[in-house]
Amino acid sequence: MTYVIVGNGVASVGAIEGIRKLDKEGNIVVVSEENTPTYGRPLISYFLAGKIGLDRMSLRPDGYYEKNNVELKLGSRVVGLDTGSKTLALSNGESVSYDKLLLATGGVPFMPPIKGLEGPGIYNFTTLAHAEILLDIAQNIRNVVVIGGGLIGLKAAEGLFDNGLKVTIVELGPRVLSAAFDDVAGKMVSRRLETEGLGIRCGSTVEEVLRGPSGGINGVRLASGEIIACEAVVVAIGVVPSLTPAKEAGLNIRRGIKVDEFLHTSAEDVYAAGDVAEAYDMITDDVRVTPIWPNAYSQGYYAGMNMTGKKHEKHPGGLAMNAISFYGLPTASLGMVNPAPEEDCEICTYADEEKQTYRKLVFRNDRLVGYVLVGDIDFAGLYTGFVRFQLPLSDEIKQELKDGRPSALLWPEHDFETRWTPDHE
Amino acid sequence: MRRVYPNKDFCIGCHICELACLTAHSESKDLIIAVREEQASGLRPCKAVYEKGPVCVSLSCRHCENPSCVTACISGALYKDEESGKTKYDESQCVGCWSCLMACPFGAIRRNPSKGKIIKCDLCEGRDKPACVEACPNAALSYEDR
């Protein structure tokens, strides 16, 4: 049996571990465009900020690939996929055959159509290579504009600011972190960043990147007419699934590669996992691309197990979650955070501006379906339990949660017995 | 593998398990110094005692078969040890992103606020029996293979 995995992010690692749990013998080949063995991708913000060195980037110990008997083909781009003959064509002309294939190609930065965006001085922040480039240019420039106030944009901004640059974030939405956060939490983070000295322009867009006669960047012009001087622009609007080679091979695609609950695509023996996959989400009860780290690992793991043929197990479904800190202000958000009115959710919030603490709980049909915590995040996991296991809530228990007192003793007796203290693990 | 199992029927909510845990994970291995001095500099017990009316229970990391914390860890600090089955933690790798703290549905991971790193039960590495189990005066914690 030969397993081929395209991509070397965390979904790829999950797949290796899922396969090796059940099949110690089969060949595993990992093909990756990147030149480095797997690394903790979110760590690139810690690297850019100078908090950790290259030596701490790796996600698994040295010798991981050898130990798991994995053949690595780094710096190799997949240019073709033939699901009939079950072969991949690589950019160096090589052809690789598979019995089972996993597409874990992740996402690529979305580049909006902005005048002047093409040319030098434009950067992204999704790979270690990007982080190394930014660290390098940070030594030679003084001002940078970051387009996009999502998690990636804010982290790029923070890292560049820590390198002594003057940084301005331009966000189209009315607040930063629009997807993972709500107004109150977004504003708390904005304030923290502004207090540190970062510039933030919400509700605005870059209309044009201004360039000098030699092509170098002088600044950007916003829709408001304001001109912000800078020598470089980081585009961090979001990532879109990297659909090469799935698209050309005719796989069923909507936003991402469509997979069933077993992570299997529309093509025989081809699976997909991570930021490229469009899969079932346990809270929204629909299929969507949930480009977050734990989801990618877990999809990879289930895909790996299912690829061995020794198991046929449904993935429990994605659950959006983000934990991130901004200059010592920790935050956590999970599940449904900004429910649409038709979801008929009950929302409960508590805020203490002075202590920089915020808690938002989202209930639907007497279940907790999401939360946002800013500042005091110590109980995050206890709230997660209520979402993950969809534990029923009486009025009394709900009140305890609302009062910031979640506890395992609020679990139904049966759930406590079977999950906390099972007779068999 | 052997795990620590709590028994609500026996727990009297005395918090002695927390103190035993604190001492076992302290530098000084001395209860008074651990509580008075080391706690002030960030040391926390890996256990937490929960109370609801007359019912109480002492909980800590379950060392799950498929742990959510390992799935969520971005730095490789948390991993599953194949031989022992334990969910292990390498503090030197931790960057304090708190992803595991959020992902663990059992709420079993805590923060060391001074170090900016997590605290998690290691089943008392190097001891025969975890300190909490040894210290419990009413056998409300057992260390067994179920």
Considering only the stretch A:334-381, how many residues are within 18 Å of A:S178 (Cβ to Cβ) and in contact (Cβ under 8 Å) with a residue 40 or more places away in the chain? 12
Counting only residues that are closer than 30 Å to A:F262 by Cα and not assigned by TED's automatic domain parsing to the domain that holds A:F262, give me the helices (runs of 4 or more DSSP H) lying completely in the stretch A:51-170 with at least 1 of them. A:151-162
Restricted to the stretch A:287-321 and to residues being modelled with pLDDT of 95 or more and polar (S, T, N, Q), the residue surrounded by the most Cβ atoms within 10 Å (Cβ to Cβ) is A:Q299
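Per-residue answers, yes or no, for (1) more than 10 Å from chain A (Cβ to nearest Cβ); (2) over 21 Å from A:R419 (Cβ atoms):
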position	(1), (2)
B:V55	no, no
B:C61	yes, no
B:C69	no, no
B:Y89	yes, yes
B:M102	no, no
Which residues, counting only those in the stretch A:161-175, are modelled with pLDDT of 95 or more and either surrounded by fewer than 16 Cβ atoms within 10 Å (Cβ to Cβ) or β-branched (V, I, T) (or both)? A:G164, A:V167, A:T168, A:I169, A:V170
Could you please give the count of residues in the stretch B:18-34 that are buried (at least 17 other Cβ atoms within 10 Å of the Cβ) and under 25 Å from B:G96 (Cβ atoms)? 8
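Let's see how each residue does on (1) out of contact with any Cys (no Cβ under 7 Å at 6 or more places or on another chain); (2) outside the structural domain of A:T265 (by TED's automatic domain parsing); (3) closer than 19 Å to A:T265 by Cβ:
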| site | (1), (2), (3) |
| --- | --- |
| A:H315 | yes, yes, yes |
| A:G318 | yes, yes, yes |
| A:A323 | no, yes, no |
| A:S333 | yes, yes, no |
| A:N338 | yes, yes, no |
| A:P341 | yes, yes, no |
| A:C345 | yes, yes, no |
| A:C348 | yes, yes, no |
| A:A351 | yes, yes, no |
Of A:I28, A:I5, A:I44, the only residue that is β-branched (V, I, T), under 20 Å from the mean Cα position of the chain (by Cα), part of a strand (DSSP E or B) and at pLDDT 95 or above is A:I5
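To keep it simple, each residue is scored yes or no on (1) touching a strand residue (DSSP E or B) at 6+ places or on another chain (Cβ under 6 Å); (2) more than 15 Å from A:R201 (Cβ to Cβ); (3) without any contact (Cβ under 8 Å) to a residue 24 or more places away in the chain.
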| residue | (1), (2), (3) |
| --- | --- |
| A:H130 | no, yes, no |
| A:L135 | no, yes, no |
| A:V144 | yes, no, no |
| A:G150 | no, no, no |
| A:K155 | no, yes, no |
| A:G164 | no, yes, no |
| A:V167 | yes, no, no |
If you take the residues of the stretch A:309-357 that are more than 26 Å from the chain's Cα centre (by Cα) and in a loop (DSSP other than H, G, I, E, B), which of them is farthest from the other protein chains (Cβ to nearest Cβ)? A:D344
Restricting the stretch A:229-273 to residues that are more than 17 Å from A:A11 (Cβ to Cβ) and among the small types (G, A, S), which is farthest from the chain's Cα centre (by Cα)? A:A229
Are any residues in the stretch A:31-75 without any contact (Cβ under 8 Å) to a residue 40 or more places away in the chain, within 12 Å of chain B (Cβ to nearest Cβ) and closer than 27 Å to A:S91 by Cβ, and if so, which ones? A:P37, A:T38, A:G40, A:S58, A:Y64
Within the stretch B:134-146, count every residue that is surrounded by 12 or more Cβ atoms within 10 Å (Cβ to Cβ), within 14 Å of chain A (Cβ to nearest Cβ) and not hydroxyl-bearing (S, T, Y). 3
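Assess whether B:K129 counts as being among the charged types (D, E, K, R), within 30 Å of A:Q390 (Cα to Cα) and not in a helix (DSSP H, G or I).
Values: among the charged types (D, E, K, R): yes; within 30 Å of A:Q390 (Cα to Cα): no; not in a helix (DSSP H, G or I): yes.
No, not satisfied.
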Of the candidates A:L101, A:L90, the one satisfying the condition of being within 21 Å of A:R20 (Cβ to Cβ) and away from every other protein chain (no Cβ under 14 Å) is A:L101
Would you pick out the residues in the stretch A:8-25 that are part of a loop (DSSP other than H, G, I, E, B) and crowded, with 24+ Cβ neighbours inside 10 Å? A:N8, A:G9
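Somewhere in the stretch A:387-396, is a residue assigned to a loop (DSSP other than H, G, I, E, B), within 17 Å of A:T331 (Cβ to Cβ) and assigned by TED's automatic domain parsing to the domain that holds A:E342?
Let us first name the residues in the stretch A:387-396 that are assigned to a loop (DSSP other than H, G, I, E, B), namely A:389-394.
Of the ones still in play, those that are also within 17 Å of A:T331 (Cβ to Cβ) are none.
No, that holds for no residue.
If you check A:T331, A:T349, which single one turns out to be over 29 Å from B:C73 (Cβ atoms) and touching a helix residue (DSSP H, G or I) at 6+ places or on another chain (Cβ under 8 Å)?
Numbers: A:T331 fails: over 29 Å from B:C73 (Cβ atoms).
Of A:T331, A:T349, the one residue that is over 29 Å from B:C73 (Cβ atoms) and touching a helix residue (DSSP H, G or I) at 6+ places or on another chain (Cβ under 8 Å) is A:T349.
Would you please name the residue that is nearest to the other protein chains (Cβ to nearest Cβ), looking only at residues in the stretch B:33-53 that are closer than 23 Å to B:Y5 by Cβ and under 17 Å from the mean Cα position of the chain (by Cα)? Walk me through how you get there before you give the answer.
Residues of the stretch B:33-53 that are closer than 23 Å to B:Y5 by Cβ, as a first pass: B:44-53.
Right, trim to under 17 Å from the mean Cα position of the chain (by Cα) and you get B:44-50.
Working: B:R44: 10, B:P45: 13, B:C46: 13, B:K47: 12, B:A48: 9, B:V49: 10, B:Y50: 5 Å.
For the stretch B:33-53, the residue satisfying everything is B:Y50.
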Considering only residues that are surrounded by fewer than 18 Cβ atoms within 10 Å (Cβ to Cβ), in a loop (DSSP other than H, G, I, E, B) and not aliphatic (A, V, I, L, M), which ones fall in the stretch A:205-243? A:T205, A:G212, A:P213, A:S214, A:G215, A:G216, A:S224, A:G225, A:E226, A:E231, A:G238
Within the stretch A:230-253, count every residue that is in contact with a Lys or Arg (Cβ under 9 Å, 6 or more places away or on another chain) and either within 30 Å of A:E171 (Cβ to Cβ) or of a type in the set (V, I, T) (or both). 7
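Go through the residues of the stretch A:193-202 one by one and say whether even a single one is over 25 Å from A:I114 (Cα atoms) and surrounded by 20 or more Cβ atoms within 10 Å (Cβ to Cβ).
So in the stretch A:193-202, the residues over 25 Å from A:I114 (Cα atoms) come out as A:193-197.
This time we only want the ones that are surrounded by 20 or more Cβ atoms within 10 Å (Cβ to Cβ), so: A:193.
Yes, because at least one residue in the stretch A:193-202 is over 25 Å from A:I114 (Cα atoms) and surrounded by 20 or more Cβ atoms within 10 Å (Cβ to Cβ).
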Please verify whether the stretch A:206-224 includes one or more residues that are in contact with a helix residue (DSSP H, G or I) (Cβ under 7 Å, 6 or more places away or on another chain) and among the hydrophobic types (A, V, I, L, M, F, W, C). no
If you take the residues in the stretch B:107-118 that are surrounded by fewer than 22 Cβ atoms within 10 Å (Cβ to Cβ) and within 11 Å of chain A (Cβ to nearest Cβ), which one is nearest to A:Y383 (Cα to Cα)? B:R110
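The values are calculated or read from the model by the stated rules, or taken from the named source; none is laboratory data. Computed from a predicted model, the values in this text were never measured in an experiment. As a convention, Cβ positions derive from the backbone with ideal geometry for all residues, glycine included, and neighbour counts pool all protein chains shown.
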